[in-house]
1. Enumerate by residue number the GluC sites (Glu not before Pro) in region 75-126 meeting two conditions: DSSP loop (anything except H, G, I, E, B), and at most 13 other Cβ atoms within 10 Å of the site's Cβ.
2. Shape verdict for region 203-279, please, from the Cα gyration tensor: rounded (a/c under 1.5), prolate (a/b greater than b/c) or oblate.
3. Using θ = phi - 60° and the Karplus form 6.51 cos²θ - 1.76 cosθ + 1.60, what ³J(HN,Hα) does each residue of region 48-59 get, whole Hz, x for Gly and Pro?
4. Longest span of the chain, sites excluded, free of trypsin sites (Lys or Arg not before Pro) in DSSP loop with at most 14 other C-beta atoms within 10 Å?
5. Assign unit charges at the C-beta atoms only (+1 for Lys and Arg, -1 for Asp and Glu), then state the dipole size of region 68-195 relative to its Cα centre in Debye, rounded to the nearest 20.
6. Tell me which lysines have Cα within less than 19 Å of Lys263's Cα, excluding those fewer than 8 residues away on the same chain?
7. Among Lys147/Lys170; Lys45/Lys111; Lys45/Lys140; Lys17/Lys170, which pairs are too far apart, with a Cα-Cα distance over 20 Å?
8. Only Lys, Arg, Asp and Glu count, each charged at its Cβ (+1, +1, -1, -1), so figure out the dipole size of the chain about its Cα centre, rounded to 20 debye.
Amino acid sequence: MKVGFIGVGFMGQHMAKHIVDGGHDLTIYDISETAAKELITAGAKWAPSPSKVAAVSEVIFTSLPTPQDVEQVVMGEGGILAGALEGTTFFDLSTTDPETISRISNAAAQKGMSVLDAPVSGGTIGAEQGTLCVMVGGDKNKYDDYKSVLDLIGNQVVYCGNLGAGAVCKIVNNLIGMTLGVVLSEAFSLGVKAGVDPMTLYNAVSMSSGETRQMHTFPTGLFEGNFEPGFKLDLGSKDVGLATNLGRSLRVPMDVSNLIQQKYVEAQNKGWGGQSTVAIAKLQEERAGVEIRQVD
């Protein structure tokens, strides 16, 4: 199958590698050609623009940081729509809001191109291991046509409904995850300042009702003061913003979520946006006067 992939950064490079390893004819593009070197060595072909990727692909995937990036790559000069042939199918693996994906779909329909939103969850480890959850919204027949490719990206591929449903599921998921990051910071700072070892807390909570996958990175991340991304705090902040914007558009009260958004903005203002989302804990550490660290 002739597959195009645009955006081979932290997440995209791994997803694209699974596709080329799956035996597909893969053409790739990224703003940094250096990021594509390993994929080219593995058998992928390089194209100089999104439009050139589209011109040789029957199905195209994007993995990009923001909805604005996705819209520009699809609809901008030299974008996917400039090169796509009638009948091309496009899956956006990014976390994009329903309004943006709808605009893209409407523009693509004029060229006879099908659009599906397919955001992924599971982080860089899940991308590398091929264990992502892929949440898909759009034409069910197109989903069925290309599910074999999606199965190379993640082992939990879920059809969520009409166009935009995948985006909504991902936004809800990330809002929960980013909120837990703040709550876990408060809870662990409380326990550590009260004199309990962080790993003891972790083990006790892991076996109790407070257990959550969100803290599974703590032993090798927060407890060691390791804030390397991973999933950047800037992206976590963006995703909380997508949730609160969606809430406003639907007139859904988002009291707690708005407070969480301010926490992430505060962390960005401290210059931590390029660190992992676990760095949100440093706000609480500063306020509580304690570091949540494992002492050897």
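1. Numbers: sites: Glu77, Glu86, Glu99; in loops: Glu77, Glu86.
Here the GluC sites (Glu not before Pro) that fit, given the DSSP loop and packing criteria, are Glu77, Glu86.
2. Oblate is the answer for region 203-279, as a/c is 1.5 or above yet b/c matches or exceeds a/b.
3. Karplus-based 3J(HN,Hα) across region 48-59 equals x, 7, x, 5, 6, 4, 4, 5, 10, 10, 8, 9 Hz.
4. Working: sites that count: Arg251, Lys270, Arg293.
The reported range is 1-250.
5. Values: 7 positive and 14 negative charges, 58 e Å.
Here region 68-195 has a charge dipole of around 280 debye.
6. List returned: Lys232, Lys238, Lys282.
7. On the way: Lys147/Lys170 18 Å; Lys45/Lys111 25 Å; Lys45/Lys140 29 Å; Lys17/Lys170 23 Å.
Result: Lys45/Lys111; Lys45/Lys140; Lys17/Lys170 exceed 20 Å.
8. Details: 22 positive and 32 negative charges, 72 e Å.
Computed charge dipole of the chain: roughly 340 debye.
Read the figures in this text as sums done on the coordinates, not as results from a lab. These numbers come from a predicted model, not from an experiment. Counting neighbours? That spans all protein chains shown, and the Cβs are built from the backbone with ideal geometry, glycine included.
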